[in-house]
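S.K.: Starting off with a structure, shown below.
The values are calculated or read from the model by the stated rules, or taken from the named source; none is laboratory data. None of these values were measured; they are calculated from a predicted model. For neighbour counting, all protein chains shown are included, and Cβ atoms are generated from backbone atoms with ideal geometry for every residue, glycine included. Only protein heavy atoms, including side chains, enter the accessible area calculation; ligands, DNA and RNA are left aside. Shrake-Rupley method; radii C 1.70, N 1.55, O 1.52, S 1.80 Å.
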2 protein chains.
Amino acid sequence: MQPWERFKAIQKKLKAYSLVLGIASWDSHTEAPKKCFPYRADMLSIISGESFALQTSPEYVGAVEALYAGQDTLSTQDREEVHQAKRALDKILKIPKEVYTEYVKLLNMSQRVWEDAKAKDDYDLFEPYLDQIIATQKKLVAYRSDTADPYDVLLDDFEAGMSMAKYDTFFNTVKGELVPFVKEVLAARPTEKPAFIDAFYARGEQKQFVEKLMEIFQYDTDRGLLKESVHPFTWNTHSQDVRFTVRYLENYVFSSIFAAIHELGHALYEMNIAEALDTTNLNTGTSMGIHESQSRFYENIIGRDKAFWSQHYQSLQAIFPKQLGKVSLDDFYLGINWVEESFIRVEADELTYPLHILIRYEMERAIFNEGVDVKSLPTLWNEKMKTYLNIEPKTAGEGILQDVHWSGGAFGYFPTYALGSAYAAQFFYTMKQDLDFTALLETGDLTPINNWLKDKIHQYGKIKSPEALILDVTGEPFDPQYYIRYLKEKYSALYLKG
Amino acid sequence: MQPWERFKAIQKKLKAYSLVLGIASWDSHTEAPKKCFPYRADMLSIISGESFALQTSPEYVGAVEALYAGQDTLSTQDREEVHQAKRALDKILKIPKEVYTEYVKLLNMSQRVWEDAKAKDDYDLFEPYLDQIIATQKKLVAYRSDTADPYDVLLDDFEAGMSMAKYDTFFNTVKGELVPFVKEVLAARPTEKPAFIDAFYARGEQKQFVEKLMEIFQYDTDRGLLKESVHPFTWNTHSQDVRFTVRYLENYVFSSIFAAIHELGHALYEMNIAEALDTTNLNTGTSMGIHESQSRFYENIIGRDKAFWSQHYQSLQAIFPKQLGKVSLDDFYLGINWVEESFIRVEADELTYPLHILIRYEMERAIFNEGVDVKSLPTLWNEKMKTYLNIEPKTAGEGILQDVHWSGGAFGYFPTYALGSAYAAQFFYTMKQDLDFTALLETGDLTPINNWLKDKIHQYGKIKSPEALILDVTGEPFDPQYYIRYLKEKYSALYLKG
């Protein structure tokens, strides 16, 4: 077989392994009974092992290397397929199997220890594991590159093309512009939080409204489904099977509403990828940052816009007449954009959210680049919270232990969250040149907006890199000023108009 | 590696493939969105192909053959493992791969054609496919054995040790004893069917009662879950993950109640298999017939007994006060054991059920042994319905096209349904020597009955063959007279007491 045919034949098998492992993971995260896991973990590690063996087999590696060497003869799309395959191989090929296996074991243990430590507010419990994870991450990066800075390698893993130099520019802008702006907003904000925000909203009715949102956003239930899970997520195997989950907190209805719109953003991206790409390795979102740009576009730019609710607030009021019947649209709009200093990232409002990410970026940078001692991390965390958000966590659970990422070795992931929000704002200003955004939201029909995102962004999957995509869509490279402008315009109007 | 180590190592991989294919199948049958199937089918066939290649690899086949040849040196359990592996290989090894692949394709098409034909009541549509399936089945059997009667081979596939000779004895007893008895019961039965049977029972409340049944029968929700699907089924990958489904028909509450108890019988069997067997190929029920004996024991012998409802009828009445508040326990008991001539097997009562199976057995026997023309099957079906149940189907949908089995090539499967009911009765008479069955049901606590079944039957999985199990439990070989006696005692008391 020629390299291309060999590449495609093995890739198809890899995709088959990925499909069955994906379905098993969906089951594990949504309904699998708790005692099934030991046996299941054992069996799934066998299937992962078969897939790993195939991906690292001389036949496959040889084909990818040969195609990579001769990439100039390939079409753009085929070349991108080869790049993706090469990028995936580069991450695993140079790492000795024992080192990798030991690391996987460490992470499995660490996640359980982290859960325990978080529940007990006990950083000391988690600290030795975190120490080992960081040490191993440094070692793993060293296998892959003896020149690059470790944190640069990790940042590029989660967002191709990104580096400390680029993130520094971005976060310096965030810091310089938003930290003082947030202070200004908070000083001007009414002191009393609207009571309807944490009133009681029954689960069944919340679900009813989430189903209404699925219609509004034109989610195709022939190609997916809604389910419940502890942490909301979107899951997909290919363009014809894209599902998502939410959870229902009866004392915080915004949790299900905005998690649903957020996940619908991820889901629409995956559903809108050209079906033809399903036979390639390009049939998913191009990066974490671009994915997050879509989820946050839907959640914040559409879902927290007054024009959007001018069409749909009545439906929500009809479902919750007791809680919202007497709340005006203006008051509701203020409520869904209520700004406050808070400890927990996932519950933060749109404006303070990037400050939560800034803190994590600075922490990770210090860990990998400045050799900060793992013991001192909680103090450092609390200092940064004080500096940027003017509050100090009382416990490790509402401070450094709140997020799962580090216990899973995912360093370099957090920055993509803020980056995604900033990408979204840049897309937004381009979109407004083509579409009358507010007028469209006031019609209630999201078709033109959905189509714009599909045509410009979604359909390409991984054919375009994040950098190429932003340039093609907006006509310029990534520029964080759009994000600052978007936040300042919106939150000035909301809080500083007087 | 020695043959035993090689056998176990490859078997573990086969079990891993089986696990992921199992999870995918659960997903497909309960919630997968309808457009995901073409891609999924393609991917799953790759995984099945990997598993098939491994099972038929010289390494595995060689190990199994070597162990089979030296089986005298093995422990009972290890020997049984080898027998199971050998039996599975015998079914596939001699069949040329192209013949097998063509057959799988034919069955895939046939199932869709059958669905269509059933919906349109059009046997002619399905007939050419059925003809080809039967022809291929005969060919497949010929590859495997040039001496055995084709139908004998198929009967043994679904119930090890069974043959036409043995089933003839069984069904002659059924025919000779039950056909006249059913006539007698029907003549004595009140003419008016109790109205509460097909009253309206809301879905949500039905589910509430099914959850109550899960508690009553001591189903362990840490090792399984309840879900909905079009056709109720039990699903399991190992003793720690055994799930089941029901459906809710709002105009026929018995459907969810008795399907739930039936599936709970299958599920308890699988859950009670010794956990140590999960690392072997013996960790599932020993045969279709024995499995059905457990589901029918729970559904009919426990679930349609008056003593059982003396404890639980009040809970059902509390959920459905309007429908059942004024129905006495005696009337309810008659209702759940209402005997009538009916067209559809899956809706048939306990007493006429074996006659539906008798008809199918005679049909299959005629097809494979008497070379009956496929064109004449509908006429033959209707004649037999007239003979044994005194009614004649008006359409193919309520006649020969009602069941899915033949479109999937499953000839020889039906007889195990009646056989299972008969096994259950034989177990029942043995149990009554050890336990005061009625008194136990009147306490509401099923623990002693569950434990008896677990100790005597469930725990062994496939360690014991159906024949050995019946002999060990009851002290004698299978004897259909217990079944006849059970039905006559119960239904005489219900209908012929006067």
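S.K.: Considering each residue of the range B:189-208, count those that are within 14 Å of another protein chain (Cβ to nearest Cβ) and among the acidic types (Asp, Glu), and give that number.
M.R.: Qualifying residue count for the region: 0.
S.K.: Scan (1) touching a Ser or Thr at 6+ places or on another chain (Cβ under 9 Å); (2) in contact (Cβ under 8 Å) with a residue 24 or more places away in the chain for the single condition B:Phe200 breaks and write down its number.
M.R.: (1)
S.K.: Among the candidates B:Ala117, B:Ala142, which residue alone is closer than 17 Å to B:Lys375 by Cβ, of a type outside the set (Asp, Glu) and in the same structural domain as B:Gln55 (by TED's automatic domain parsing)?
M.R.: The match here is B:Ala117.
S.K.: Counting only residues that are open to solvent by 70 Å² or more (accessible area, probe 1.4 Å), of a type in the set (Asp, Glu) and under 30 Å from B:His405 (Cβ atoms), how many does the range B:158-196 have?
M.R.: Total satisfying the criteria: 0.
S.K.: Answer with yes or no whether B:Arg360 is buried (at least 21 other Cβ atoms within 10 Å of the Cβ) and among the basic types (Lys, Arg).
M.R.: Values: buried (at least 21 other Cβ atoms within 10 Å of the Cβ): yes; among the basic types (Lys, Arg): yes.
So B:Arg360 fits the description; yes.
S.K.: Further question on the same structure: Considering every residue within the range B:242-249, establish whether at least one is crowded, with 22+ Cβ neighbours inside 10 Å and either assigned to a loop (DSSP other than H, G, I, E, B) or modelled with pLDDT under 95 (or both).
M.R.: No, that holds for no residue.
S.K.: For the range B:226-269, which residues satisfy the criterion of being among the charged types (D, E, K, R) and touching a residue at least 40 places away in the same chain (Cβ under 8 Å)?
M.R.: B:Lys227, B:Glu228, B:Arg243, B:Glu250
S.K.: Let me ask something additional. Quick one: which residue in A:Tyr17, A:Tyr39, A:Tyr60, A:Tyr68 is within 14 Å of chain B (Cβ to nearest Cβ) and over 26 Å from B:Phe37 (Cα atoms)?
M.R.: Selected residue: A:Tyr39, the only one of A:Tyr17, A:Tyr39, A:Tyr60, A:Tyr68 that is within 14 Å of chain B (Cβ to nearest Cβ) and over 26 Å from B:Phe37 (Cα atoms).
S.K.: If you don't mind, another one. Residue check: is B:Leu186 within 21 Å of B:Tyr417 (Cβ to Cβ), away from chain A (no Cβ under 14 Å), touching a residue at least 12 places away in the same chain (Cβ under 8 Å) and part of a helix (DSSP H, G or I)?
M.R.: no
S.K.: Could you look through the range A:259-275, keep only residues that are within 12 Å of chain B (Cβ to nearest Cβ) and within 11 Å of A:Gln459 (Cβ to Cβ), and pick out the one that is least open to solvent (accessible area, probe 1.4 Å)?
M.R.: The selected residue is A:Met271.
S.K.: Only one of (1) over 30 Å from B:Asn108 (Cα atoms); (2) within 14 Å of another protein chain (Cβ to nearest Cβ); (3) within 24 Å of the chain's Cα centre (by Cα) fails for B:Asp27. Which number is that?
M.R.: (1)
S.K.: Looking only at helices (runs of 4 or more DSSP H) that fall completely inside the range A:383-481, which ones have 3 or more residues that are of a type outside the set (A, V, I, L, M) and surrounded by fewer than 17 Cβ atoms within 10 Å (Cβ to Cβ)? Show your work before the answer.
M.R.: Numbers: elements: A:414-434, A:437-443, A:447-456, A:466-474.
Here the list reads A:414-434, A:437-443, A:447-456.
S.K.: Right, here's the next one. Residues of the range A:42-57 being within 14 Å of chain B (Cβ to nearest Cβ) and hydroxyl-bearing (Ser, Thr, Tyr), which ones?
M.R.: Listed by number, the residues that qualify are A:Ser45, A:Ser48, A:Ser51, A:Ser57.
S.K.: Does A:Ala88 count as of a type in the set (A, V, I, L, M, F, W, C) and surrounded by 17 or more Cβ atoms within 10 Å (Cβ to Cβ)?
M.R.: no
S.K.: Hey, can you tell me all the residues within the range B:209-225 that are out of contact with any Cys (no Cβ under 9 Å at 6 or more places or on another chain), touching a residue at least 40 places away in the same chain (Cβ under 8 Å), within 14 Å of chain A (Cβ to nearest Cβ) and not in a helix (DSSP H, G or I)?
M.R.: Scanning the range B:209-225 gives B:Tyr219, B:Asp220.
S.K.: For the list (1) within 20 Å of A:Leu125 (Cβ to Cβ); (2) within 19 Å of the chain's Cα centre (by Cα), I need the number of the one condition that A:Arg345 fails.
M.R.: Looking at each condition in turn, A:Arg345 falls short on (1).
S.K.: Yes or no: B:Asn281 open to solvent by 10 Å² or more (accessible area, probe 1.4 Å), part of a strand (DSSP E or B), out of contact with any Pro (no Cβ under 6 Å at 6 or more places or on another chain) and not charged (D, E, K, R)?
M.R.: No; evaluated as a whole, the condition is false for this residue.
S.K.: Residues of the range B:226-258 being among the basic types (Lys, Arg) and either under 26 Å from B:Leu441 (Cα atoms) or more than 10 Å from chain A (Cβ to nearest Cβ) (or both), which ones?
M.R.: If the condition is that a residue be among the basic types (Lys, Arg) and either under 26 Å from B:Leu441 (Cα atoms) or more than 10 Å from chain A (Cβ to nearest Cβ) (or both), then B:Arg243, B:Arg247 are the ones that fit.
S.K.: Sticking with this one: Within the range A:131-142, identify whether any single residue is in a helix (DSSP H, G or I), touching a helix residue (DSSP H, G or I) at 6+ places or on another chain (Cβ under 6 Å) and among the basic types (Lys, Arg), and answer yes or no.
M.R.: Checked against the condition, which is being in a helix (DSSP H, G or I), touching a helix residue (DSSP H, G or I) at 6+ places or on another chain (Cβ under 6 Å) and among the basic types (Lys, Arg), the range A:131-142 yields at least one hit.
S.K.: Still on this model: Please enumerate the residues belonging to the range B:465-481 that are under 20 Å from the mean Cα position of the chain (by Cα) and within 25 Å of B:Phe217 (Cα to Cα).
M.R.: B:Pro466, B:Leu469, B:Ile470
S.K.: Which residues, taken from the range A:197-236, are loosely packed, with under 15 Cβ neighbours inside 10 Å and β-branched (Val, Ile, Thr)?
M.R.: Hits for the range A:197-236 are A:Thr221, A:Val230.
S.K.: Mind checking which residues of the range A:136-158 are closer than 15 Å to A:Glu364 by Cβ and touching a Lys or Arg at 6+ places or on another chain (Cβ under 9 Å)?
M.R.: Correct list: A:Pro150, A:Tyr151, A:Val153, A:Leu155, A:Asp157.
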